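These notes concern the structure reproduced below.
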Amino acid sequence: MHIVLQLIPKKYLIGGALILLGLSGLLVMSTIVAITGEFEKDSQQSEVTEIEGGGIGVGTANVSPEVMKYQPLLEKYAQKHGLDASYVPIMMALMMQESGGRGNDPMQSSESFCGSVGCISSPELSVDKGVLHFKSVLEKAHYDLKLCLQSYNFGGGFINYVMKNGGKYTPELAISFSQLQYQKVKHTGNYHCVRPEMVPYSACYGDAKYVDAVLKYYTGTITADGKPAASAGGGSGGKSGVKVIDAGKTLIGKTRYVFGGGRSQSDINAGRFDCSSFVRWAFEQVGVNVGPMSGVTTDTLKTQGQAINPKDMKPGDVVFFDTYKIDGHVGIYVGNNQFLGCQGKTGVAIASMAKGTYFGERFNGRVKRF
């Protein structure tokens, strides 16, 4: 080998050594970049990791397990059709009234989809078309939620009738519409009163008491703009929002982010929280119940409260971010493009949501006021 090296000109030996040295350097640098990239990726994931969970917004609906299993599908198709998630509990109450979650058409959406009963035989298709129909009726009703619900039962003709008679749903209008429609169809023999108390009125078309029937499964309130809201008092935006921010700030520097933390008193005492458990804790301190300690998630929080246009955000409003999933992270808006939340590296802290920042690029526009 030594003889071979002597036969090779020195300049080639030096050049080859330099090439080998350069390649070795590139290999080392590539390894470092790859490791660093994975570390940063893992670090970002740890900031926003939130435990998965189902369930509806506490205090908003009282439905059977058969209906509750449809919550993920209702949320999926609400997202698909551009319907705010705060309507999911109302639609669960509607499904409870329609079918109790049983059968292949749990939302009874066949007639609105294809004009005849029984054409839908897939529960997922029923939810898809039911949510789409609900949204369509809601918009035509100008977000009068009671008018929307009654029209889901009566059909769109009821909206036209109401618009010609005051423009707002009333129980009296529901009864009079049922009377009028029944006179047109009673000769067919296909209609009968579903409620005995409607017999004296000859209001036997559809269910004139449908709104009450649905709302008995919904324990929240309905705001002036027709939005459903959880029955937690006080409201978070504006002056009252400062209280929840002040409560949350008391944990700055005293906590650490723990996957699934904050769902037991021992966790809370030790300062172990994740994003949704921190939000729940902060609101609890000012007397607002947004869910049970053991079951709160971003998914349960997003179904509660009043939807707010991001342009109208106020301190104390709850803001959501699309991170590892849609609405994967949540915090409390404090103003000036900042929010208070529990993040992976810092625990409870104020973070920026300005454009160009990590959370600014992931803010999805969902804002709720509790």
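If you scan segment 179-196, which residues turn out to be open to solvent by 100 Å² or more (accessible area, probe 1.4 Å), in a loop (DSSP other than H, G, I, E, B) and without any contact (Cβ under 8 Å) to a residue 12 or more places away in the chain? Asn190, the sole residue that qualifies. Annotation: Phe113 fulfils all but one of (1) of a type in the set (A, V, I, L, M, F, W, C); (2) out of contact with any Lys or Arg (no Cβ under 9 Å at 6 or more places or on another chain); (3) more than 22 Å from Thr303 (Cβ to Cβ); the unmet one is (2). Remark: pairs (first residue in segment 165-178, under 18 Å from Leu145 (Cβ atoms); second residue assigned to a loop (DSSP other than H, G, I, E, B) and among the aliphatic types (A, V, I, L, M); Cβ separation under 6 Å; 6+ apart in sequence or on different chains) = Ala174/Ala208. Screening segment 319-370 for residues that are of a type in the set (A, V, I, L, M, F, W, C) and over 21 Å from Gly253 (Cα atoms) and picking the one that is most open to solvent (accessible area, probe 1.4 Å) gives Ile326.
Residue pairs whose Cβ atoms lie under 7 Å apart, separated by 6 or more positions or on different chains, with the first residue in segment 65-85 and farther than 12 Å from Ile326 by Cα and the second buried (at least 18 other Cβ atoms within 10 Å of the Cβ) and among the acidic types (Asp, Glu), are Tyr77/Asp128. Name the single residue that is nearest to Phe370 (Cα to Cα) among those in segment 194-248 being modelled with pLDDT of 60 or more and among the hydroxyl-bearing types (Ser, Thr, Tyr). Among those residues, the one meeting the criterion is Thr221.
If the condition is being touching a residue at least 24 places away in the same chain (Cβ under 8 Å) and of a type in the set (A, V, I, L, M), then segment 269-298 contributes Val279, Ala282, Val286, Val288, Val290, Met293, Val296.
Selection of segment 31-81 for residues being at pLDDT 50 or above, open to solvent by 60 Å² or more (accessible area, probe 1.4 Å) and assigned to a loop (DSSP other than H, G, I, E, B) yields Asn62, Lys69. The set of residues in segment 104-124 that are open to solvent by less than 60 Å² (accessible area, probe 1.4 Å) and without any contact (Cβ under 8 Å) to a residue 12 or more places away in the chain comprises Gly115, Ser116, Cys119.
The values are calculated or read from the model by the stated rules, or taken from the named source; none is laboratory data. All values derive from a computational prediction rather than experimental measurement. Cβ: placed from backbone, ideal geometry, glycine included. Neighbour counts: every protein chain shown. Remember, those area values only see protein heavy atoms, side chains included, never the ligands or the DNA or RNA. Shrake-Rupley method; radii C 1.70, N 1.55, O 1.52, S 1.80 Å.
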